[in-house]
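Q: Quick one: the structure is below, and I'll ask about it shortly.
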Amino acid sequence: MKDQAEQLRNLASTSWADKTRTAASASNRATRIIAISSGKGGVGKTNVVVNLALAMARQKRRVLILDADLGLANIDVVMGITPRFNLQHVISGEKTIREIVVPSEDGVQIISGGSGLVDLANLTEQQRDLLIASLAELETMADVLLVDTGAGIGANVLQFILAAQELIIVTTPEPTAITDAYSLIKVVSRLSSDVVLKLLVNQVRTAHEAEEIANNIIGVAKRFLHLDVGTYGSLPYDSYLVKAVRRQKPVTLAYPNSPSAFAFGSLAARIWNEELPATPNKPGLLNFFRRIVKPASWDEGRNG
């Protein structure tokens, strides 16, 4: 007899396939840009990025990860890869964008920002034009770009968040994580009105705990910021995830039948089926990178 988790996985997979079959055949859909960040470190943000990417790839999405965490870039560690080149090599003209993309055996592609991320704000006009032209190649390579930003509210973190269409804020039940998640929401909401904000509560013990935390943050944002923050639900505390981290392997690969793996599959389907508000200033990968490399004063889509 199939266990309950397997039955749920099959049901979710069937439901997802029915809902997205039409979307999968649409080749002209602009790449979806999702930044994933957190108010503080240690909440599992990078694990969310990697496992979400793998779950999306299993659901036949072309997924590209940009490792934009300047302080603790560890996508390569979690994925078990060693990027030889990063954006700096594209900026210098040594490599093309396709040459720095690292494909994984599981269908996810990774771009390491590396030291090139520091230089993006200081490019000459000629360097900007060259970089943007080279990045145009990415437009046909991915259905979704997941941007793993740093934690906190530093300028480099906000640079990538404000260029994205959507921000997923990862938090945990820890009080400081909740407080810092709200701080990030507050800062982003003051700088931009066209970033769709979604909350994801990680490492929860019960559904009630997750709901209570989400309702608290959403309610405070509505009351004091007059802001509607959405939610992508929660991810469970799972001993298999802990074991996978120790093995330096994504839980969706190390333990594909674990509660975490099932949760990431459901999350991937839910995200893709979400109907986002139109963001005319932010279609596709090329515009995402254009918004990053241009000074803020050039960007009419950003509010002061």
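Each value in this text was obtained by applying a stated rule to the coordinates, not by laboratory testing. Computed from a predicted structure; not experimentally measured. Note that we place each Cβ from the backbone using ideal geometry, even for glycine, and neighbour counts take in every protein chain shown.
Q: If you take the square roots of the eigenvalues of the alpha-carbon gyration tensor of the stretch 30-294 and sort them as a ≥ b ≥ c, do you get rounded (a/c under 1.5), prolate (a/b over b/c) or oblate?
A: The shape class here is oblate.
Q: What is the magnitude of the charge dipole of the stretch 58-214 about its Cα centre, with +1 placed on the Cβ of each Lys and Arg, -1 on the Cβ of each Asp and Glu, and no other charges, expressed in debye to the nearest 20?
A: 140 debye
Q: Oh, and also: Please sort 191-203, 98-110 by packing, taking for each peptide the average over its residues of neighbouring beta carbons within 10 angstrom, highest first. Intermediate results must be reported in sequence, preceding the final value.
A: On the way: 191-203: 20.0, 98-110: 17.4.
Final packing ranking: 191-203, 98-110.
Q: Under a point-charge model restricted to the Cβ atoms of Lys and Arg (+1) and Asp and Glu (-1), what is the dipole moment magnitude of the stretch 30-294 relative to its Cα centre, in debye to the nearest 20?
A: The calculation lands at about 200 debye.
Q: For each pair in Lys45/Lys186; Lys198/Lys243; Lys95/Lys186; Lys45/Lys222; Lys40/Lys249; Lys45/Lys95, compute the distance between the two Cα atoms and list the pairs where it is over 31 Å.
A: Correct reply: Lys95/Lys186.
Q: Using the charge dipole of the stretch 30-294 (Lys, Arg: +1 at Cβ; Asp, Glu: -1 at Cβ; taken about the Cα centre), state which of Gln127, Leu184, Ala207 has its Cα farthest towards the positive end.
A: Farthest towards the positive pole: Ala207.
Q: Sorted by packing (mean other beta-carbon atoms within 10 Å per residue), highest first, where do 75-82, 41-48 land?
A: Taking the mean over residues of other Cβ atoms within 10 Å, the ranking is 41-48, 75-82.
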